[in-house]
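Please treat every number below as a calculation from the coordinates, not as lab data. None of these values were measured; they are calculated from a predicted model. With ideal geometry, Cβ positions are generated from the backbone for all residues, glycine too; neighbour counts draw on all protein chains shown.
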Amino acid sequence: MLRLLADVLLIAGGLVLAYPFWSAGYAQVQQGRLDEAYRQQEASFAQASAAAPRDRTVPKKEVVRRLAVRYERGLEAGDPVGRLKIPAIGLNRLVQQGKDGQGLDPRQDIPLLRAGPVHYAATPLPGEGEPFGIAGHRTTYGAPFNRLDDLEPGDVLYVDTPYARFRYEVARTRVVLPTDVSVLADRGYALVLTTCTPLYSASHRLIVFARLDSIRLADSGSR
């Protein structure tokens, strides 16, 4: 019995130690799946946008807002929204559309978070309003937001969507409780990133606030 118990504990320990590796592999496979879906989504949206008439008298900001609204209509939970790039920490991941909900404890999005960062559906898309909120894992499933605490004011972030590229700059960081939903309603910032903190704990949330620096319309949106 002691030998059997020892074997069981050994297997259980091995599974626990291997968890970060197989969860990272799962996330990588899911990102590949999302990449293919995003390519198709991007091509479809570009085709539809190219066929739509464009009023040259409309300001670019309003053009982007209309495109964002049109793009959001076709999104469902789990669909790729766009690509988040943060050169300072080597991040390049597709962001998924989350389920409707509020707060910094997106339990309804847990299955989606295993595949990568998730857009808080309670917040608008880039160009549609502020802020664009994104949640991501810090220690498992590829840990896309593992180095979020390394970001400093002035660091550049990009969000690429089928309708435009958005360039942001980090303004500040903050640590809050999971119940503090005010950060998702702060219209003083265009982009908000959230993740668990400290490492290996979900007691608090690390928040990165960024301001919009510039917008470049995608080719489909400039027609």
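Apply 1/(1 + (r/R0)^6) to the Cβ-Cβ distance of ASP100 and SER182, taking R0 = 22 Å, and write down the FRET efficiency to the nearest 0.05. FRET efficiency, ASP100 to SER182: 0.70. Summing charges over neighbours of PRO59, with a neighbour being any other residue whose Cβ is under 14 Å away from its Cβ, gives +4 when K and R count +1 and D and E count -1.
Take the Cβ atoms of SER203 and ASP55, set R0 to 41 Å, and the FRET efficiency comes out at 0.20. Counting only aspartates and glutamates at least 8 places from LYS85 when in the same chain, those with an alpha carbon closer than 16 Å to its own are ASP35, ASP149, ASP150, GLU152, ASP155, ASP160, GLU169, ASP213. Need the C-alpha centroid separation for segment 160-223 versus segment 60-83, integer Å. If we compute the Cα centre of each part, the gap is 16 Å. When THR139, THR57 are sorted by how many other C-beta atoms sit within 10 angstrom of their C-beta, beginning with the fewest, the order is THR57, THR139. Annotation: extensible slack from ARG114 through THR139 equals 7.9 nm (criterion: 0.36 nm per residue apart, minus Cα-Cα distance). For GLU72 and GLU152, the difference between the fully extended length at 0.36 nm per residue and the C-alpha to C-alpha distance is 25.7 nm.
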